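Below is one structure, written out as structure tokens; comments come after it.
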Amino acid sequence: MGKFHTSISTAHAAFIRKQHIFFVATAPLSAEGRVNLSPKGLDCFKTLSENKVAYMDLISSGNETSAHTLENGRITFMFCSFEGSPNILRLYGKGFAVLPGTKDWNLYAPHFKIYPSTRQIIVADIDLVQTSCGFGVPLFTYEGERDFHFEWAKQKGTEGLREYMLEKNCKSLDGLPTDVGLENE
């Protein structure tokens, strides 16, 4: 079952910084709604305090995290060690999206490298931390980051990225509005 903590310790934060990938999960309140689980890379996750984290989110084909956290706030992050000692760390909390140009943007954006394709920053207040063994997680060797997203974004250009977000990022798969959608109503 693992060990539970009410905050992110120094050791937890150090483990998080070493990981090249993490996963974020959210879900709507509807029993028929789809649970979303997304992998994230780059150096985009930051531990801001013992109970607050954030990650910089790039434009992509969906925006489930924004829709689900707007509806109910529930969010879970998972980190797995793929090198060295086996370990899994989960962070449970309530999240929200911060969009460029909003009052909180200047508070959170300085913690990240902001790209032209940065869609939002997801911030979460963490109330439960769980560590457990990762005995079943295989070993992998990190080779580097992919640049496909940045090439795609460069080809789209500023206006193309805006149009893409308006087309693909305003509603969840289940039809829930996202923060991106709300700014355009």
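The table for this structure:
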| read-out | value |
| --- | --- |
| Ranked packing of 44-56, 65-77, 166-178, most packed first, by mean Cβ within 10 Å | 65-77, 44-56, 166-178 |
| Relative exposure of Lys18, Lys156, judged by other C-beta atoms within 10 Å (fewest first) | Lys18, Lys156 |
| Computed magnitude of the charge dipole of segment 1-101 (debye, nearest 20; Cβ of K, R +1, Cβ of D, E -1) | 260 debye |
| Mean Cβ neighbour count within 10 Å, used as a protection proxy, ranking 96-104, 138-146 highest first | 96-104, 138-146 |
| Prolate/oblate/rounded label for segment 133-173 (Cα gyration tensor, a/c 1.5) | oblate |
| Under-5 Å amide H pairs with Arg119, H placed in peptide plane, nonlocal only | Asp57, Leu58, Ile59 |
| Under 13 Å, Cβ to Cβ, from Gly157 - net charge with Lys/Arg +1 and Asp/Glu -1 | 0 |
| Selected from His20, His12, His149 as most flexible by GNM, with the chain as the system and alpha-carbon contacts under 10 Å | His149 |
| Residues whose placed amide H lies under 5 Å from that of Asn51, excluding near-sequence neighbours | Ile8 |
| Over 28 Å between alpha carbons, listed pairs Lys113/Lys171; Lys46/Lys171; Lys94/Lys156 | Lys94/Lys156 |
| Cut-off 15 Å between beta-carbons: net charge of the residues surrounding Glu83, Lys and Arg +1, Asp and Glu -1 | +1 |
| Relative packing of peptides 21-28, 108-115, 125-132 - highest average C-beta neighbours within 10 Å first | 21-28, 125-132, 108-115 |
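Here, each number is a calculation from the coordinates, and none is a lab measurement. Values in this document were obtained by computation on a predicted structure and should not be read as measured data. Don't worry about glycine lacking a Cβ; one is built from the backbone with ideal geometry, like all the others, and counts go over all protein chains shown.
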